[in-house]
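Notes for the one structure printed next.
No lab work stands behind these numbers, since they all come straight from the coordinates. It should be emphasised that the depicted structure is a prediction, and the values quoted were computed from it without experimental measurement. Ideal geometry is used to build each Cβ from the backbone, glycine not excepted, and the neighbour counts take in all protein chains shown.
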Amino acid sequence: MTEVCTGNQTTRVMMCAPAHYSLEYEINPWMRLENRPDTELAAEQWSKLYEVLTTEAGAEVSLIGQVEGCPDMVFTANAGLVRGEIALLASFRHPQRALEEPHFAEWFSQNGYTVYMPPTGCRFEGEGDALFAGANLLAGYLKRSDICSHRWMAEMFSTTVLSLELVDDRWYHLDTCLLPLGDNRVAFYPGAFDAYAQTVIRHHYETIEVELDEALRFACNAVVIGETVVLPNGCPHLEANLRKLGYKPVSVEMSEFLKSGGASKCLTLLLN
Ligand code: ARG
């Protein structure tokens, strides 16, 4: 097996327990007011994910408290993009989620990060649309984040950004359709990208293609810690492909978060 280990460094993530999680508005095609999450079940699914990440995967989890009136704050992947001591804060496309920004900003500064805001008028939804993969930062745009955020990230982190256009509303964030799996490999659902983005991805990485039915179950929305891949259940093909390559897939039930258009990855923000 190659390149799936991150070394001895403990992976640190930020999560938000679903104390006030609910579905109060529709801002992506998955969200329907008449299909609200069962909050008790959501709490159980979140706790299970927390347990898998901390015990099986050995991650260190920092928590932010959920603020009432911010029902999507559990999706901490969207809080920003963190590298070293720097946190690039999100600027959400939808006003309902913009309410989360000051709370995430406060958490970042209280936890020792220097917080930077995106250029005025430039929408940026954090790790939802920006994923480090090998030497590059892969960045999605059009649905939520604006392409102006790509230049900003490139400058702030002195990194190469590969801009990837998202073309299907169902995969509105990059982390819903692309999964970095160590230095040189990604899993992705081609149908979520325009033809040029597909070419870029295949040019830079060894790829695992995810099929439509599993992409619809958010197969790509997985947390990768060393060789452990914590993905939503019901994605046997991706699991089999991962196993063949030496990864250890662990599936978790995410039904109540899928109703809001999120799964395991959306519920975590990488801190290192
Ligand atoms: N309901 C949330 C939204 O539409 C879900 C966010 C999912 N987060 C993610 N990183 N894909 O904004």
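Tabulated values for the structure
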{"quantity": "Ranking of MET254, MET14, MET156 by count of other Cβ atoms within 10 Å, fewest first", "calculated": "MET156, MET14, MET254"}
{"quantity": "Contour minus Cα-Cα distance for LEU216 and PHE132 (0.36 nm per residue)", "calculated": "27.9 nm"}
{"quantity": "DSSP-loop GluC sites (Glu not before Pro) across the range 51-160, with at most 10 other Cβ within 10 angstrom", "calculated": "GLU68, GLU85"}
{"quantity": "Relative exposure of PHE218, PHE132, PHE104, judged by other C-beta atoms within 10 Å (fewest first)", "calculated": "PHE132, PHE104, PHE218"}
{"quantity": "Theoretical FRET efficiency, 1/(1+(r/R0)^6), r = Cβ-Cβ of SER158 and ASP38, R0 41 Å, to 0.05", "calculated": "0.35"}
{"quantity": "Whether the range 32-73 is rounded, prolate or oblate, judged on the alpha carbon gyration tensor where a/c under 1.5 counts as rounded", "calculated": "oblate"}
{"quantity": "Dipole magnitude of the chain about its Cα centre (Cβ charges: Lys, Arg +1; Asp, Glu -1), debye to nearest 20", "calculated": "420"}
{"quantity": "Set of lysines with alpha-carbon distance to LYS265 below 20 Å, sequence-local pairs under 8 removed", "calculated": "LYS48, LYS143, LYS248"}
{"quantity": "Three-way shape label, the range 101-152, alpha-carbon gyration tensor, a/c 1.5", "calculated": "oblate"}
{"quantity": "Equivalent ellipsoid semi-axes - Cα gyration tensor, the chain, angstrom", "calculated": "24, 22, 19"}
{"quantity": "Cα-based reach from LYS259 at 13 Å (exclusive), listing aspartates and glutamates while leaving out same-chain residues under 8 positions away", "calculated": "GLU24, GLU26, GLU34, ASP38, ASP72"}
{"quantity": "For the chain, calculated [θ]222 nm from helices alone, where every DSSP H run of n ≥ 4 adds -39500 (n - 2.57)", "calculated": "-6500 deg cm²/dmol"}
{"quantity": "Linear extension gain, ARG151 paired with THR54, 0.36 nm per residue minus alpha-carbon span", "calculated": "31.5 nm"}
{"quantity": "Label point distance in nm, VAL167-GLU26, each placed 7 Å from Cα along Cα→Cβ", "calculated": "2.6"}
{"quantity": "Extension gain from VAL115 to GLU253, taking 0.36 nm per residue of separation minus the Cα-Cα distance", "calculated": "46.3 nm"}
{"quantity": "Residue order, fewest to most beta carbons within 10 Å, for SER251, SER264, SER158, SER62", "calculated": "SER158, SER62, SER251, SER264"}
